[in-house]
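Before any comments, here is the structure.
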Amino acid sequence: MSRRALLELVAALAAAAIVLLVAALVPWLRFVLTIAIAKGIAVLGILLLLRAGQVSFGHALYVALAAYAAAFAAPRMPEALLLLPLGALVSGAVGLVVGLFVVRYREIFFGMLNLALSMVFYSVLEKFYALTHGTDGIRLPAIRYVGTALGPEEAGWATLAVAILLALGFGAFVRVYLLSPMGEALSAMKTRETRLEFMGIPARRVLLAAYVLSAVMAGCGGVIIAMTTRHVTPALAYWTASGELVFIAILGGAGSVFGPFLGAFGYELTRTYAAALVADAWQMILGIVLLGVILFAPGGLWGMGRSALRRRPAGEGAA
Amino acid sequence: MPGWIADNALLIGLAVLDGLSYAAAVFMVAVGLNLIFGVLRVLNIAHGSLYAIGGYSAAALGLFVVSRGLPGWLVFPTLLAASVLVGLVLGPPIERLLRRTEKEEPVLQLLVTFALFMILEDLQKLLFGVQPVVFDAPLKMLGTVDIPFGQDVIPFTAYQLFVLPGIALVTLAGLAWFLRRTLYGRMIVAVTTDREAARAMGIDAAKVTLLTFTAGAALAALGGALASPTASLVPGVGAQTIVLSFAVVATAGLGQIEGAAVTSLLIGLGRSFAVYFEPELEVVVPYLIMVAVLLVRPQGLFGVPETRRI
């Protein structure tokens, strides 16, 4: 393991410890942090697509798909360790089918097709009342963890722990993936796809692999959201929820696997505090934050932190 | 099949009429979106908010005119004035911001318009509140027309029958004439086709972009203003409108005005038929049409293959 990888591992573990500490000190933040980590996992998938220069305005589809899969399965199978793979599997399978179709398109058409399909799913959730209870949504029963029924307090902690473990796992995986030939091919696609094809690398298959992975990660995020809120509604699939994921990716910075999580914490905390401060203007505040990041810090929060560390004379801890 | 048509004549008639007036409003938004994409190469997510704000402003000004007891016909120029106002007030600053990020990646530019969408959504809530706004004075003033349909008669509002589609047609014809026959119009087409070449020919591309963006914003606002008497205004209408006009633009292919008109009609009629016959599919139909079209013609119904950058 290189020195840099080791440093990042220590940083990730330290971040996990800080999250647990904050959740213990400020109990009501535990919910917000769990949701933020869930979204961060989904945004890791967006990061993969961004590497290829593609932006999906429809990944809330996979978040919602897995969340609803969990909601439907939970009454018969209230086990977190089974619901998570189930959600990931459902999202991954649908991601494969949809992916075969959308990887033929680039840029705006890619974004729009994803948007369209997520909106189709949204209206299915909203309109087929008999099955999905429409905008009322579905409530989830209490979930067991490794076969153990927990009280609401313990269940909250267990979900947070599962979320952190998944975030660490997926974060490490994406880091390795991006450095692998498949990951390098993604960056090459962004620079010049034709050259990639000349080298005999099928661009569509490279993008498809990233797309399915992103669907799986969005699915895991979706199940965690469903287990945390214990209530799923069609709003999870609305296009603004997809925009939120892209927002978090840019806010955090697409340069590192830490970006999505930094972005997600920044987003959820700003949203929570802004909504408490001015009820009808939290979206406006977030919009202004996003504009500021794009105009003045295109590297996102991660890029800002990095350049701040770089400027230090000794350069300690610069990853 | 003929039997089915005879049995459902009334519903079909209503669906066609509703679809026409709906398509007219959608066209106004989609055509502006298309023009703006042409000169700036960015799909403006905030465009739907301009539609919503245009609708709210028209309703607010119209209600003011009515409450003051001014002559009733004044509500029509008010609709127009409100949209021009929205275009002039919001268009230039947004254009300025987008021009500032012109050099950035397309993803970031798209995100700039998403940020603007979030800001405008809340601005609209702060300015006009979250309660539904109803403004049906123009509808009531023009009354209804009885349209014979088979053995039945459909009473349909004259506003939705004549004013909405009429203004959309005038816009379509006016834009086609403007873009092809006038100097300014041809400058817009030149900048759309090749910005660099246009500048080399001495065209002030920055000015053309500003003009086009402001006009596109005013068209979206006009679409909202014209539709405001037909449905009550609620928060979220901007978000709904933008995804629908995305569907229209993607189905039509980018850079096609007549194409946008035909596609608006197709999607407007498709949606209203769904409303009357399969209400569950109402929201889905536009996207089903879009996906079906893109499967067969990836560049859109009327798009030229070159526009697809792969």
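Read the figures in this text as sums done on the coordinates, not as results from a lab. Note that the structure is a prediction, hence the values are computed from the model and not measured. Glycine also receives a Cβ, built like all others from the backbone with ideal geometry; neighbour counts cover every protein chain displayed.
A crude spin-label estimate for the pair residue B:207 and residue B:67, with each label 7 Å from Cα along the Cβ direction, gives 4.2 nm. For B:125, B:207, B:103, the sequence from fewest to most other C-beta atoms within 10 Å is B:103, B:207, B:125. Taken over the alpha carbons of region A:33-119 as equal point scatterers, the Debye sum produces base-10 log I(q)/I(0) values at 0.14, 0.18, 0.19 Å⁻¹ of -0.53, -0.82, -0.90. When the charge dipole of region A:3-238 is built from unit charges on Cβ atoms (+1 for Lys and Arg, -1 for Asp and Glu) and taken about the Cα centre, the candidate among A:73, A:100, A:120 whose Cα reaches farthest toward its positive end is A:100. Dipole size of the protein assembly as shown about its Cα centre, with +1 on Lys/Arg Cβ and -1 on Asp/Glu Cβ: approximately 1840 debye, rounded to the nearest 20. The mean number of Cβ atoms from other chains found within 10 Å of a Cβ in peptide A:270-282 is 1, as a whole number. Dipole of chain B (Lys/Arg Cβ +1, Asp/Glu Cβ -1, origin at the Cα centre): which of B:290, B:29, B:134 lies farthest to the positive side? Positive-most Cα among the choices belongs to B:29. Summarising the label geometry, the points placed 7 Å from Cα in the beta-carbon direction at residue A:25 and residue B:16 lie 7.0 nm from one another. For the residues of B:230-242, the average number of beta carbons from a partner chain within 10 Å of their own beta carbon is 1. The chymotrypsin sites (Phe, Trp or Tyr not before Pro) of region A:88-129 that DSSP puts in a loop, and whose beta carbon has at most 14 other beta carbons within 10 Å, are A:128.
Computed from the C-beta positions of residue A:309 and residue A:279, the FRET efficiency with R₀ = 25 Å rounds to 0.10. Applying the criteria of a DSSP loop state and at most 10 other Cβ atoms within 10 Å to the GluC sites (Glu not before Pro) of region A:216-319 yields A:316. Within a straight-line Cα-Cα reach of under 29 Å, residue B:103 can be paired with the following lysines, leaving aside sequence neighbours fewer than 8 residues apart in one chain: A:190, B:207.
Near residue A:144, the amide H atoms lying under 5 Å from its own belong to A:79, A:80; only residues 5 or more places off or on other chains count, and H is placed 1.01 Å from N.
If R0 is taken as 30 Å, the Cβ-Cβ distance between residue A:7 and residue A:296 corresponds to a FRET efficiency of 0.65.
Set the Cα radius of gyration of the protein assembly as shown against 2.2 N^0.38 Å, with N its number of residues, and you get 1.00. Rounded to the nearest 20, the Cβ-based charge dipole of region A:170-280 about its Cα centre (Lys and Arg +1, Asp and Glu -1) stands at 260 debye. Take the Cβ atoms of residue A:231 and residue A:93, set R0 to 22 Å, and the FRET efficiency comes out at 0.35.
Calculated mean residue ellipticity, 222 nm, chain B: -24000 deg cm²/dmol, from DSSP H runs (n ≥ 4) at -39500 (n - 2.57) each, averaged per residue and rounded to 500. Just how far, in whole angstrom, is region B:227-288 from region A:230-256 if you go by their alpha carbon centroids? Using only Cα atoms to place each centre, the spacing works out to 24 Å.
Here the label points at residue B:288 and residue B:127, each 7 Å from Cα along the C-beta direction, are separated by 3.7 nm in the simple model.
For the options B:61, B:265, B:295, a Gaussian network treatment of chain B with springs between C-alpha atoms closer than 10 Å singles out B:295 as fluctuating the most.
For chain B, the membrane-span-like helix rule (DSSP H, alpha carbon extent of at least 20 Å along the helix axis, mean Kyte-Doolittle at least -0.5) picks out B:9-40, B:47-67, B:75-100, B:106-128, B:164-181, B:205-227, B:237-252, B:257-277; this says nothing about an actual membrane. Place a point 7 Å from Cα of residue A:204 in the direction of its Cβ. Which residues in region A:41-56 have their backbone N less than 18 Å from it? Correct set: A:54.
Charge tally around residue A:274: other residues with Cβ under 15 Å, Lys/Arg +1 each, Asp/Glu -1 each, net -3.
Could you pull out every whole DSSP H run in chain A that spans at least 24 Å of Cα extent along its own axis and averages -0.5 or higher on the Kyte-Doolittle scale? Qualifying helices: A:3-25, A:29-51, A:80-102, A:107-127, A:152-179, A:203-229, A:258-277. Note on region B:223-310: Cα-only Rg and Dmax are 13.9, 43 Å. Dividing the convex hull volume of the alpha carbon atoms of chain B by its residue count gives 146 Å³ per residue. Since only A:198, A:172, A:134 are under comparison, the one whose Cα sits farthest along the positive direction of the charge dipole of region A:133-206, derived from C-beta charges on Lys, Arg, Asp and Glu, is A:198.
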